[in-house]
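Worksheet for the structure shown next.
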Amino acid sequence: LAIINSVQEGLASKLDMQAIYDLVGDKIRGIFDAETIYIVTVNPESNLTNWHYFVSFGQRYYNEPSGPPRGFGGYVYRTHQPLLLTNINLKMMVEYDSNLIGNETEENITRSWMGVPLLIGRERRGVISIQNQRANAFSETDLRLLQTLANSMSVALENAQLFDEVQTRNREITEALEQQTATSEIL
C-alpha cells in the first residue's frame, strides 16, 4: 500500500504525460528486480508503437516509433490480459514471436517476463513490461502490483489528456474572443 500511495501521490502532481511515464517507470525500476522495463502505447490509427520509457541494464533508450507490438508484449496488447512467464526458453520466444532486445543473446535471454495492459478508459493503449535474466524473478503478487500501478497510471494519463484538451479549448476561445474584440473595435 505504501508503494501504491507514493506512486499515486506523485501522479496527482503531474499533468505532463511524459512526466507521468517517467515517474511510473522510475518507480517500477525501484520496486522490482527489473533489468529491462518498457512502457509503450500504440497509436490506433497508424498501429505504431510509441516507446515512452525504455531502460535496459541501466541504460535509457529513446526509440523511434516502431511497428505493432510483437512477442510477449504483443500478446498482452492483443488479449488485454496480464502475462507472467517465469522460466522462458527459446521455444517459448518463437511461440510468442518474441525477439531478442537490448544486449540479449541466446546465452543470456530474458528468463522472467511480466507485462500488463495499459488501458485508458476502456480502450487498450499499450503495455508495461519488466524483465529479468534470472528465472522466477517475479511472482503473481508482483503481477498484481504491476497491474495496480498500470491502472493508477492510466487514470493519471486520462486526467492529463483531459487537462490538455481543456487548455487547448481555452486557448481557442481566448483567440476567438480576441478576434471578435478586434473586429468590434474596427466596426
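Remarks
- The H on the amide N of T36, modeled in the peptide plane, is under 5 Å from the matching H of F57, Q131, each at least 5 residues off or on a different chain.
- Surface accessible to a 1.4 Å probe, F138 within the full protein complex, Å²: 10 Å²
- Taking amide H as placed 1.01 Å from N in the peptide plane, V42 has its amide H under 5 Å from the amide H of N50, G126, each at least 5 places away in sequence or on another chain.
- Calculated from backbone phi, Karplus (6.51, -1.76, 1.60) coupling profile of segment 132-138 in Hz, x at Gly/Pro: 8, 6, 8, 5, 6, 6, 10
- Length available on full extension from I31 to A176: 0.36 nm per residue minus the Cα-Cα distance, which gives 47.4 nm.
- Virtual spin-label span in nm between N136 and F57, 7 Å along Cα→Cβ: 2.5 nm
- Ranking by accessible area, most exposed first, for E140, E95 with a 1.4 Å probe: E95, E140
- Label positions at N87 and Q18, each projected 7 Å from the Cα along the C-beta direction, are separated by 4.3 nm.
- Label-point gap, in nm, between E123 and N43 - each point 7 angstrom along Cα→Cβ: 1.4 nm
- Counted charge near W51, where neighbours are those whose Cβ lies closer than 14 Å (Asp, Glu -1; Lys, Arg +1): +1
The values are calculated or read from the model by the stated rules, or taken from the named source; none is laboratory data. Keep in mind that this is a model prediction, so the values were computed, not measured. Neighbour counts run over all protein chains shown; Cβ positions are idealised from the backbone, glycine included. For the accessible areas, the whole protein counts, side chains as well, though only heavy atoms, and no ligand, DNA or RNA atoms are used. Shrake-Rupley method; radii C 1.70, N 1.55, O 1.52, S 1.80 Å.
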